[in-house]
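Input: a single structure, listed below in structure tokens.
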Amino acid sequence: MKREEAIETLDSIRKMMESTTRIMSLSGASAIAVGIYALAAVAIGYIGAGGDFTNDNPFVSSLIVFSRHKLTMLMILAALLIVACISTVVAMSAKRARARGERLRLDRVSLRLLWSFFMPLSIGAALCVILYTGGHWGLTSSIMLIFYGLSLVGISHYTYSDSRYLGYAEIILGLIDAAADSYAIIFWAIGFGVFHIIYGIYCAIRHR
């Protein structure tokens with residue numbers, strides 16, 4: 001009897017921990033919000049870099065990242081975007097938890113989730129800073145996409161496995177970006193904007 005009770009207790013703890021990590025995951029609504037934030041950041045970066053949406057052909061030289069000034073602007077926007085996205089995901093996760101009568105917990109599984117997400121992301125950010133300070137900024141945008149994709153694949157082991165598909169898409173896009181030359185803003189818009197919105201719509205339909 002005690003053995004059965006112990007098994008039931010462990011099963012309850014496991015389900016509670018899985019529930020916590022799923023609540024903390026990138027939901028459909030939060031993914032769409034992240035995508036919208038990213039597109040807004042791209043628009044700001046485009047205009048700040050001298051782009052003009054009223055131009056007959058807006059996807060021209062003003063979209064090409066060929067100077068430290070443009071890349072600096074994009075990196076600042078990327079840092080602000082990360083803060084805004086994390087804040088939004090946490091706020092929406094907390095709201096989802098309250099709606100389900102639960103609360104977010106920093107238990108062992110959720111800490112592993114956070115480690116799996118931020119460890120690759122931190123390495124990618126450090127690599128970008130090193131390349132930037134050394135004047136080798138050509139692969140910065142592709143590195144961001146690739147390491148972000150690796151982070152998403154990493155957390156798929158602890159939450160909804162759907163996130164790995166978004167991760168794979170980001171990694172592939174980052175590799176394509178590395179093969180292309182200078183069009184970081186376009187790849188950012190696709191990877192951090194369009195892909196997130198598509199993923200958010202998919203999650204909203206599948207997990208509603």
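The values are calculated or read from the model by the stated rules, or taken from the named source; none is laboratory data. Everything numeric in this text was worked out from a predicted model, so none of it was measured. Cβ sites come from the backbone with ideal geometry, for glycine too, and all protein chains shown count toward neighbours.
The table below gives the values:
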{"quantity": "Test: residue in the range 148-170 that is in contact (Cβ under 8 Å) with a residue 24 or more places away in the chain, surrounded by fewer than 21 Cβ atoms within 10 Å (Cβ to Cβ), touching a helix residue (DSSP H, G or I) at 6+ places or on another chain (Cβ under 8 Å) and β-branched (Val, Ile, Thr)", "calculated": "no"}
{"quantity": "Residue check for Gly138: among the small types (Gly, Ala, Ser) and crowded, with 19+ Cβ neighbours inside 10 Å", "calculated": "no"}
{"quantity": "Residues located in the range 12-45, provided they are modelled with pLDDT of 80 or more and not β-branched (Val, Ile, Thr)", "calculated": "Ala29, Ser30, Ala31, Ala33, Gly35, Tyr37, Ala38, Leu39, Ala40, Ala41, Ala43"}
